[in-house]
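Participant: Attaching a single structure in structure tokens format; questions to follow.
Readers should treat all values here as calculations from the given coordinates under stated rules, not as data from a laboratory. This is a predicted model, so every value here is computed, not measured. So basically every Cβ, Gly included, is an ideal-geometry build from the backbone, and we count neighbours across all protein chains shown.
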Amino acid sequence: MKNIVLFGSSGHAGVIADTIEQENIYKIIGLIDPNQPSGVESFGYKVLGSDNELPQLIKNHDIEGGIIGVGDNWARYLIVQNILNLVPDFHFIKSVHPAAQIASRVTLKRGTVVMAGAVINSGSEVGEFCVVNTKSSIDHDNVFENYSCIMPNAATGGNVRVGAFSALGMGANILQNIQIGTHTVVGAGSVVLENADDYSIVIGTPAKVKQSRKKGAPYL
């Protein structure tokens, strides 16, 4: 079993750790977190060091890859960029919980995690470093662009496109043939009946634009 590290030590990282354990393909040998001192333990794993120590940690621990355990899309992107600056050929794994249901002709790209109870239907494509959260549902022929995410119990109809860095809030519902722009947030419980522009926050039933947002603005 190949040794990997998990970047992050929060509750979200703990859920990803469980996904990796249940999948039983990789062995987590520790956590990487610049905000915690080395040796601190979270959900059964010790912090080995910070991102900047990664080149030496790879040598010391025979690390063959890793995955990002950070929920915010932009924060995840910044971590990936820093890792690639330090280790350009670093191998980012993807992980799918055994309790998820992945149909045929589904594409999952590197760095993406699919959590327990999630459903992804035929013909859909989930890009790099995405998060498909617990019991979310992605219907047929969807496209989720890089660094996007769908929160627990959210669902999309067929032929939906979700732009890069966008987030579908908990329990949100996106009707078929809808396009969600880049860096856009759909509020929890919202029902989206029409396309949502880039850099916007849409909330309500039916969802309407509440305000604009900037690249990298936090949403969690």
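Participant: From a point 7 Å beyond the Cα of Asn3 in the direction of its Cβ, which residues of the stretch 48-69 have a backbone N at a distance under 11 Å?
Facilitator: Correct set: 57-65.
Participant: With contacts defined as alpha carbon pairs under 8 Å and 6 or more residues apart, what's the relative contact order of the chain in percent?
Facilitator: Averaging sequence separation for qualifying contacts and normalising by length gives 11 percent for the chain.
Participant: So, one more: As a check on your grasp of the helix formula, calculate [θ] at 222 nm for the chain: sum -39500 (n - 2.57) over DSSP H runs of n ≥ 4, divide by the residue count, round to the nearest 500.
Facilitator: Details: 3 runs with 35 residues, N = 220.
Only helices count here, giving -5000 deg cm²/dmol.
Participant: If I histogram all Cα-Cα distances within the stretch 95-212 using bins 5 Å wide from 0, what percent of pairs lands in each bin?
Facilitator: Going out from 0 Å in 5 Å bins, the stretch 95-212 shows 3, 14, 24, 30, 17, 8, 3, 0 percent.
Participant: Say each of Asp198 and Leu220 gets a label point 7 Å from the Cα, pointing the same way as Cα to Cβ; how far apart are those two points in nm?
Facilitator: 2.5 nm
Participant: Next question. Determine the percent antiparallel among the DSSP beta bridges restricted to the chain, to the nearest 5.
Facilitator: Numbers: 7 of 50 bridges.
So the antiparallel bridges amount to about 15 percent of the total.
Participant: Given 0.36 nm per residue, what is the gain on full extension from Val191 to Asn177 after removing their alpha carbon distance, in nm? Working shown, then result.
Facilitator: Values: separation 14, 0.36 × 14 = 5.04 nm, distance 1.35 nm.
Roughly 3.7 nm would be gained on extension.
Participant: Can you give the extra length, in nm with one decimal, that the chain gains between Ala99 and Val209 once fully stretched, where that is 0.36 nm per residue apart less the Cα-Cα distance? Could the numbers behind the result be given before it?
Facilitator: On the way: separation 110, 0.36 × 110 = 39.60 nm, distance 3.50 nm.
36.1 nm is the gain from fully extending Ala99 to Val209.
Participant: In addition: Using Cα positions and a limit of under 16 Å, work out the lysines in reach of Lys208, with same-chain residues fewer than 8 apart set aside.
Facilitator: Correct list for Lys208: empty, as no lysines qualify.
Participant: Straight distance only, please: which lysines reach the Cα of Lys2 with their own Cα at less than 30 Å, same-chain residues fewer than 8 apart left out?
Facilitator: Lys27, Lys46, Lys59, Lys94, Lys109, Lys135
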